[in-house]
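J.: Take this structure first; my questions come after.
The values are calculated or read from the model by the stated rules, or taken from the named source; none is laboratory data. Remember, predicted model here, so these are calculated numbers, not experimental data. Glycine also receives a Cβ, built like all others from the backbone with ideal geometry; neighbour counts cover every protein chain displayed.
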Amino acid sequence: MMVSKIVFGCFIFQITSFVFAKDIVVCASCDLKTPQEAYAVAKDGDRLLIKAGRYFVQNFTIDKSLDLIGEDLPIFDGQTPQTHIIQINKANVKIVGIHFKNAGNSTLNDLAAIYVNETEKCYIANNLIEDSFFGIYLAGSKSCTIIDNKILGPNRVEFESGNAIHIWKGEDMNIVNNETTGHRDGIYFEFVSDSRIVGNKSHHNQRYGLHFMFSNRNEFKKNHFTQNGSGVAVMYSKKILMEDNVFTDSWGPAAFGLLLKDISDSTISQNLINKNTVGIYMEGSNRSQLYENNLIDNGWAIRLMGNCDDNVFTHNNFKNNTFEASTNSSQNNNKFFQNYWSGYEGYDLDRDGLGDIPYRPVRLSSVMMEKFSFSFLLIKSLFLNIADKAESLFPSLTPETLQDEKPLMQEL
């Protein structure tokens with residue numbers, strides 16, 4: 001709709017006219033045979049309907065508010081030049097149902113299959129992206145939705161690979177039901193606020209399944225992170241909600257399910273953290289609530305550094321981990337209460353479901369692992385078993401205040 005005004009003497013007349021969007025069809029047998037040709041005649045609000053086929057597309061810049069819709073996954077082949085395939089510079093652009101291949105590869109420039117530059121309300125859905133340095137890259141943008149895309153990276157070594165979904169300096173983003181694999185990080189947030197990451201599958205990425213840096217008031221829920229270099233890293237951020245996710249099968253000398261570094265005032269709940277070298281690693285992190293999580297079959301369930309304060313662990317299940325907790329400090333300023341520990345050997349005489357004696361999850365053997373790497377050779381040895389029992393009775397090297405006063409007798 002267009003509104004114009006006409007002045008006649010002392011009267012102003014407002015005239016309303018309607019401009020109708022149109023569909024512009026692209027195919028090998030059509031009058032318009034390439035997306036670029038269709039774009040040249042398109043206006044704001046039009047739809048470019050791209051029929052199945054292969055189109056060679058390089059550095060296609062979109063400065064109009066329009067929809068780019070693929071039918072039967074037409075291929076946009078970038079032929080691996082030193083450019084993006086598509087760059088979006090205008091608000092209210094939709095990219096739906098297109099197969100992107102061979103975007104530029106550069107260690108100097110952030111080249112992507114879809115690059116969104118300082119705009120808002122973009123909608124990127126149901127696309128397949130293969131063999132691109134970055135898959136979808138948003139810079140200085142807000143209120144965009146990235147949903148139901150499949151982004152398959154070239155699985156190069158870390159320094160030769162970008163991220164599948166990369167957002168730098170954004171707000172109000174929705175990242176929903178995407179699959180990301182074969183990249184450096186599956187999803188990357190830096191200076192991003194008030195956004196949601198829901199229902200994604202991030203696996204077999206070189207570094208992290210999800211990586212947060214300097215990003216506040218975000219939430220990620222119901223995501224599945226498996227067999228990444230490490231699961232998820234949340235760094236230098238506050239007020240993050242992490243709920244009902246799966247972190248599994250991240251193994252290696254520096255691998256973890258969830259890394260919390262210099263975060264505060266966050267909530268970590270109802271997650272499954274399973275079969276990682278370290279389940280949760282916390283450093284410089286304060287005032288967070290961790291409850292109703294399942295930490296099962298990890299090397300270390302929790303490694304809690306001494307510079308963490310006022311975190312609360314309650315109603316978590318710690319089950320069949322090699323070490324339930326570890327720390328590098330003799331002091332503890334965090335609270336554990338009413339968690340289930342499969343290593344607890346106490347009793348419940350009053351039958352209230354809570355152990356009558358406190359449980360101290362940090363064993364002498366875990367302290368030795370922190371200090372002496374060769375101690376791994378003694379795991380499960382008779383010597384360490386005796387030392388752990390003695391330390392539990394007469395603590396001298398483990399932090400006496402790191403204990404669960406009322407451990408649960410049965411897992412939740």
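J.: Pick out the one residue from 216, 205 that is under 12 Å from the mean Cα position of the chain (by Cα), farther than 20 Å from residue 304 by Cβ and not in a strand (DSSP E or B).
T.: From the options 216, 205, the qualifying one is 205.
J.: How many residues are closer than 16 Å to residue 166 by Cα and modelled with pLDDT of 95 or more if we restrict to segment 86-111?
T.: Summing the residues that are closer than 16 Å to residue 166 by Cα and modelled with pLDDT of 95 or more in segment 86-111 gives 3.
J.: Now, a different point. Residues in segment 158-180 that are crowded, with 24+ Cβ neighbours inside 10 Å, of a type in the set (A, V, I, L, M, F, W, C) and part of a strand (DSSP E or B): how many?
T.: So the count comes out to 3.
J.: Looking only at segment 233-248, decide whether some residue is under 26 Å from residue 105 (Cα atoms), out of contact with any Gly (no Cβ under 7 Å at 6 or more places or on another chain) and either among the hydrophobic types (A, V, I, L, M, F, W, C) or not in a loop (DSSP other than H, G, I, E, B) (or both).
T.: To start, the set of residues in segment 233-248 that are under 26 Å from residue 105 (Cα atoms) comprises 233.
Next cut, out of contact with any Gly (no Cβ under 7 Å at 6 or more places or on another chain) only: 233.
Checking the rest, the ones that are also either among the hydrophobic types (A, V, I, L, M, F, W, C) or not in a loop (DSSP other than H, G, I, E, B) (or both) come to 233.
Yes, because at least one residue in segment 233-248 is under 26 Å from residue 105 (Cα atoms), out of contact with any Gly (no Cβ under 7 Å at 6 or more places or on another chain) and either among the hydrophobic types (A, V, I, L, M, F, W, C) or not in a loop (DSSP other than H, G, I, E, B) (or both).
J.: Residues 155, 216: which one is surrounded by fewer than 21 Cβ atoms within 10 Å (Cβ to Cβ), closer than 20 Å to residue 268 by Cβ and of a type in the set (S, T, N, Q)?
T.: On the way: 155 fails: closer than 20 Å to residue 268 by Cβ.
Just a single option satisfies the conditions, and that option is 216.
J.: Right, here's the next one. Of the residues that make up segment 181-191, is at least one part of a strand (DSSP E or B), of a type in the set (Asp, Glu) and in contact (Cβ under 8 Å) with a residue 12 or more places away in the chain?
T.: For segment 181-191, residues part of a strand (DSSP E or B), of a type in the set (Asp, Glu) and in contact (Cβ under 8 Å) with a residue 12 or more places away in the chain: present.
J.: Being more than 29 Å from residue 208 (Cα to Cα), assigned to a loop (DSSP other than H, G, I, E, B) and over 24 Å from the mean Cα position of the chain (by Cα) is true for just one of 58, 79. Which residue is that?
T.: Details: 79 fails: more than 29 Å from residue 208 (Cα to Cα).
Only one candidate qualifies: 58.
J.: Just to be sure I understand, how many residues within segment 38-90 are among the β-branched types (Val, Ile, Thr) and over 18 Å from residue 113 (Cα atoms)?
T.: Qualifying residue count for the region: 1.
J.: In this structure, does residue 115 turn out to be among the aromatic types (Phe, Trp, Tyr), part of a strand (DSSP E or B) and under 24 Å from the mean Cα position of the chain (by Cα)?
T.: Judged against the criteria, residue 115 is a match.
Residue-by-condition table, conditions (1) at pLDDT below 95; (2) farther than 29 Å from residue 412 by Cα; (3) charged (D, E, K, R):
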| residue | (1), (2), (3) |
| --- | --- |
| 187 | no, yes, no |
| 191 | no, yes, no |
| 216 | no, yes, no |
| 220 | no, no, no |
| 237 | no, yes, no |
| 257 | no, no, no |
| 280 | no, no, no |
| 287 | no, no, yes |
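J.: When the residues of segment 294-314 are narrowed to those that are over 17 Å from residue 274 (Cα atoms) and not hydrophobic (A, V, I, L, M, F, W, C), which ends up modelled with the lowest pLDDT? Before the answer, list the steps.
T.: Initial filter on segment 294-314 (over 17 Å from residue 274 (Cα atoms)): 304-314.
If we keep only those that are not hydrophobic (A, V, I, L, M, F, W, C) as well, we get 306-307, 309-311, 314.
Numbers: 306: 91, 307: 96, 309: 96, 310: 97, 311: 98, 314: 98.
Per the criteria, the residue is 306.
J.: Pairs please, first residue from segment 74-97 and over 17 Å from residue 128 (Cα atoms), second anywhere and among the charged types (D, E, K, R), Cβ atoms under 7 Å, 6+ apart in sequence or on different chains.
T.: Correct list of pairs: 89/63; 90/63; 90/64; 91/120; 91/121; 92/121.
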